[in-house]
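> Okay, here's the structure, questions in a sec.
The values are calculated or read from the model by the stated rules, or taken from the named source; none is laboratory data. Quantities reported herein were computed from a predicted structural model and do not represent experimental measurements. Reconstructed Cβ throughout: ideal geometry from the backbone, glycine too, with neighbour counts over all protein chains shown. Accessible surface is based on the protein model in full, side chains and every heavy atom, while ligands, DNA and RNA are left aside. Shrake-Rupley method; radii C 1.70, N 1.55, O 1.52, S 1.80 Å.
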Amino acid sequence: MKARTQRRQGANATTEPPGQAPARPTEESSRERLKLTALQLFSQSGVDGVSVRDIVSAAQMRNGASVHYYFGSKENLVRELVLESAVKSDARRREQLDRYEREGGVRGLEDVVRMLIAGEVEPDESRGVVGRHGLGHMRFILSLQINNRAVMMQAIVGTDVRQAYRQCIHLARRFLPDLSDTAFRNRIGLLYTYIAAALASREAALSGPAEAWGMWGDEDFVDQLVRTSCALLQA
């Protein structure tokens, strides 16, 4: 049986010194708590299935207008989460690109696909159990791609947050010279959807009990995803 990724316990546990009252939340911590709560709710129920009241209640905020106070509107909160997700993902890919450059350059299509996937699966300890297996935003992004694509694209259009992603796509083109431009563009679209769906499914599984992780907890999951993604491009 393939080895399973083990769940680490207590990553987010905090304790206060004896006799000391918990510190009052700062504006920054309250803002971040709203973002993390909204991300979790959007991932579970989609943007349209979550109200401002749901976010405020789940975040245990005393001020019912806190979302409007910190973000102006629910739509602005969604845009900020999209932009933050894109920035984090591209930073991971930039790290991978720099590493390959130091080690002599990209050797083939598999390296490129691995960089695309690595942008979403590097650990983010701030996001709890799911965060230890990825950035914790793939269900949110997949839901937007299906139901609110215009909102997702408006959040990043005109920004430079996808430079490393574009560089990866340019590299992939070099290794697929026989595809027409139209075929290549369509394959990349299919690849993005395939990777997003696979990682969103993994994220959902890993948010549950370890005994139910199944194949999503296999240590070679990313390797399998890389190989099947290359097959999709080269078919």
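> Given the options ALA91, ALA86, name the one that is at pLDDT 90 or above and surrounded by fewer than 19 Cβ atoms within 10 Å (Cβ to Cβ). Walk me through it before giving the result.
Details: ALA86 fails: surrounded by fewer than 19 Cβ atoms within 10 Å (Cβ to Cβ).
The match here is ALA91.
> Give me the residue from the range 139-164 that is within 13 Å of PHE42 (Cβ to Cβ) and β-branched (Val, Ile, Thr) and, out of that set, least open to solvent (accessible area, probe 1.4 Å).
Result: ILE141.
> For the range 33-65, give me each residue that is open to solvent by less than 60 Å² (accessible area, probe 1.4 Å) and more than 24 Å from SER201 (Cβ to Cβ).
LEU34, SER51, VAL52, ILE55, VAL56, ALA59, MET61, GLY64, ALA65 - these are the residues of the range 33-65 that are open to solvent by less than 60 Å² (accessible area, probe 1.4 Å) and more than 24 Å from SER201 (Cβ to Cβ).
> Going by the structure shown, is GLN60 at pLDDT below 90, among the polar types (S, T, N, Q) and part of a loop (DSSP other than H, G, I, E, B)? Break it down stepwise before answering.
Details: at pLDDT below 90: no; among the polar types (S, T, N, Q): yes; part of a loop (DSSP other than H, G, I, E, B): yes.
So GLN60 fails the test.
> Under the condition of being at pLDDT below 95 and among the charged types (D, E, K, R), which residue from the range 99-110 is surrounded by the fewest Cβ atoms within 10 Å (Cβ to Cβ)?
ARG102
> For the range 170-189, state whether one or more residues are open to solvent by 50 Å² or more (accessible area, probe 1.4 Å), of a type outside the set (Gly, Ala, Ser) and closer than 20 Å to VAL82 by Cβ. Steps first, please.
Here is the first cut: in the range 170-189, the ones open to solvent by 50 Å² or more (accessible area, probe 1.4 Å) are 170, 173-175, 177-178, 180-182, 185-187.
Subsequent filtering for residues that are of a type outside the set (Gly, Ala, Ser) retains 170, 173-175, 177-178, 181-182, 185-187.
When the remaining residues are screened for being closer than 20 Å to VAL82 by Cβ, the result is none.
Within the range 170-189, not a single residue is open to solvent by 50 Å² or more (accessible area, probe 1.4 Å), of a type outside the set (Gly, Ala, Ser) and closer than 20 Å to VAL82 by Cβ.
> What's the total number of residues in the range 186-235 that are over 21 Å from ASP111 (Cβ atoms) and charged (D, E, K, R)?
4
> Inside the range 66-83, can you point out the residues that are over 27 Å from LEU116 (Cα atoms), in a helix (DSSP H, G or I) and open to solvent by less than 40 Å² (accessible area, probe 1.4 Å)?
Answer for the range 66-83, where residues must be over 27 Å from LEU116 (Cα atoms), in a helix (DSSP H, G or I) and open to solvent by less than 40 Å² (accessible area, probe 1.4 Å): SER66, VAL67, PHE71, LYS74.
> Which numbered condition in (1) under 30 Å from GLU101 (Cα atoms); (2) open to solvent by 20 Å² or more (accessible area, probe 1.4 Å) is the only one that LEU199 fails?
(2)
> Separate question: For residues in the range 118-140 being in a loop (DSSP other than H, G, I, E, B) and among the small types (Gly, Ala, Ser), which is modelled with the lowest pLDDT?
Here is the first cut: in the range 118-140, the ones in a loop (DSSP other than H, G, I, E, B) are 122-124, 132-137.
This time we only want the ones that are among the small types (Gly, Ala, Ser), so: 134, 136.
Values: GLY134: 49, GLY136: 72.
For the range 118-140, the residue satisfying everything is GLY134.
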